[in-house]
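What follows draws every value from the coordinates through simple rules; no lab data is involved. All values reported here derive from a predicted model rather than from experimental measurement. All Cβ positions, even for glycine, are placed from backbone atoms using ideal geometry, and neighbour counts span all protein chains on display.
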Amino acid sequence: MTEHTPPTALPAWLLEDAELCTAVQRHDFGRVFRLARRRAGISYSQMAIACDIKPDRVGTLARGQGKVATFEKIVQICDALRIPGHLAGLADRPWEAASGTGTEADEAVLRRRFLQVAGFAATMPTTLTQPPGRIGQKTVTCLRERTARLRRLDDVLGGGDTYRVYTTEYQATKALLRQASYSEATGRALLSVLAEQAQQAGWAAFDGGREADATSLYEASRTAAIDAGDAALAGNALAFLAYQRLGGDRQAGVEIASRSTESIDDRTPAGVRALLHERRAWACAVAAMPTEAERSLAAAGEALAESAGETPPDWAAWVDRTELDIMTGRCWAELRRPLRAVPLLEAALARYADSHARDKALYSSWLAQAYLTAGEAEQAAAVVSRSLALADGVASVRPHKRLLTVLAGLSTTRYRALPAVAEVLEQARG
């Protein structure tokens, strides 16, 4: 039997790279993680599984924050990435002799480790690993709770890392709907979970640059939500579709976003109302409709005020005052009103943790854009510099696309000779 090679094993050519060797010798495993992802295509989530490190910790280390200091963890990382012991100052590792002790069970171990990292039990529920029989609300509750826990990965990882995880969950629930038996009420609840999972998978697809997959998943989500009688999720599916459409037909994006707010009724939670109104505001801002944007922002603010003490569905729980301030600042930046945009964005982003690297880098791009609109190129360059550092190694196409737009503005003849601007343009090229 041959030695099992884990999917996180670094290729031989990378192990000979001077930069990687130096990072390993210095036990700078944040740089090792970053190089493994950038040059070998090994995702942070894969490394988190194999190294038994929380995904947010991998991302934090990759951004140069913190270090691995314990002997046990250094050994575990070297074994997971198949880094020869001598590079890290260790004795030769047992697998270096290709002793042939690996087994097919190693893959199951990796899967169980991922579930532990994500906050789950060590094994999948029997309803997903064995042919299902009769299921009830308890199964639906377990699925919804797991979906909520998996959603936390999106706080620290980009869609390039989470897409496969979320689509696997979605497909598993689809199979359950086909194969299990259940009451009508349980079936509707299961469809609601399916709609929620499809939206999460669609968001990861969109974030990772899989536009066609995102559209398909959002549309499937809306169908499932309608069949489930879940008007709030059906409205949110439309809001996702509108957000995606804004990259092309902006008027169509406004129309779809307006349909999402028209789905609001007396049963819609206040937090969901705030979410749908703020997304319509963004569609209107992108379409250069300031009056409508301001009206929707006001409606979002009113709904958020009414949400105090209410427990929103988990998929809308992230909408708070800071989020609304950021969206308001983004709208005013997009509408070229920097005097309104800058104070809001500066204050809100100061409250926003760097651990949410993708979103902070993305949102900061509108702060940079607002500064540039005001002719403050040096301030814009400083913001872009911080955003580039935050976005480094994040598996998301969106921050990079946005920052390229601002960098294009900075690279004009008017600004590029300024020392601060020249420095950030060089940083972007690196």
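Ranked for footprinting exposure by Cβ neighbours inside 10 Å, fewest first, CYS21, CYS78, CYS284 give CYS21, CYS78, CYS284. Roughly speaking, what is the centre-to-centre gap between the stretch 3-82 and the stretch 339-382 when only Cα atoms are used, to the nearest Å? Between the Cα centre of the stretch 3-82 and that of the stretch 339-382, the gap is 31 Å. Among THR147, GLY202, SER216, which residue has its Cα furthest toward the positive end of the charge dipole of the stretch 124-229, with +1 on Lys/Arg Cβ and -1 on Asp/Glu Cβ? Most positive-ward Cα: THR147. Would you work out which of LEU367, THR168, SER307 lies farthest towards the positive end of the dipole of the chain, given +1 charges on the beta-carbon of Lys and Arg and -1 on that of Asp and Glu, about the Cα centre? Projecting each Cα onto the dipole axis, the largest value belongs to LEU367. Computed from backbone phi, the HN-Hα couplings of the stretch 387-396 come to 5, 4, 5, 5, 6, 4, x, 7, 7, 9 Hz, rounded to whole numbers (Karplus: 6.51 cos²θ - 1.76 cosθ + 1.60, θ = phi - 60°; Gly and Pro given as x). Taking a straight Cα-Cα cut-off under 22 Å and skipping sequence neighbours fewer than 8 places away in the same chain, the lysines within cross-link reach of LYS174 are LYS138. Modelled spin labels at ALA252 and ALA175, positioned 7 Å past Cα toward Cβ, are 3.5 nm from each other.
Fewest neighbouring Cβ atoms within 10 Å first, the residues ILE42, ILE326 line up as ILE42, ILE326.
When a/c is below 1.5 the answer is rounded, else prolate if a/b is larger than b/c, else oblate, so apply that to the chain with a ≥ b ≥ c taken from the square roots of the Cα gyration tensor eigenvalues. Taking the square roots of the gyration eigenvalues as a ≥ b ≥ c, the chain is oblate. In a fully extended conformation the segment linking VAL75 and ARG188 would gain 35.8 nm over its present Cα-Cα distance, using 0.36 nm per residue. Normalised by residue count, the stretch 285-430 yields a Cα convex hull volume of 119 Å³ per residue. With N the number of residues in the stretch 124-229, Rg(Cα) / (2.2 N^0.38 Å) evaluates to 1.04. What is the sum of charges, Lys and Arg at +1 and Asp and Glu at -1, for the other residues whose Cβ falls under 11 Å from the Cβ of THR186? It works out to a net charge of +2. Segment ARG295..THR223, full-extension length gain: 23.0 nm, with 0.36 nm per residue of separation and the alpha-carbon distance subtracted. Note on LYS73: lysines with a C-alpha under 24 Å away, same-chain residues under 8 apart excluded, are LYS54. Fewest-first ordering of ILE74, ILE226 by other beta carbons within 10 Å of each residue's beta carbon gives ILE226, ILE74. Projecting the Cα atoms of THR413, VAL397, ALA350 onto the charge dipole of the stretch 334-430 (Cβ charges, centred on the Cα centre) puts VAL397 farthest toward the positive pole. Given +1 at the Cβ of Lys and Arg, -1 at the Cβ of Asp and Glu and no other charges, the dipole of the chain around its Cα centre is 220 debye to the nearest 20. When the helices of the chain are scored as -39500 (n - 2.57) per DSSP H run of n ≥ 4 and the total is divided over every residue, the value at 222 nm lands at -21500 deg cm²/dmol.
Compute the Cα gyration tensor for the stretch 197-308, then decide on rounded, prolate or oblate, letting a ≥ b ≥ c be the square roots of its eigenvalues: rounded whenever a/c is under 1.5, prolate when a/b is larger than b/c in the other cases, and oblate in all that remain. Oblate, since a/c reaches 1.5 and b/c is not below a/b.
Once the cut-off is 19 Å, how many percent of the Cα-Cα pairs in the stretch 12-110 end up in the long-distance tail? Looking at the stretch 12-110, the distances longer than 19 Å represent 39 percent of pairs.
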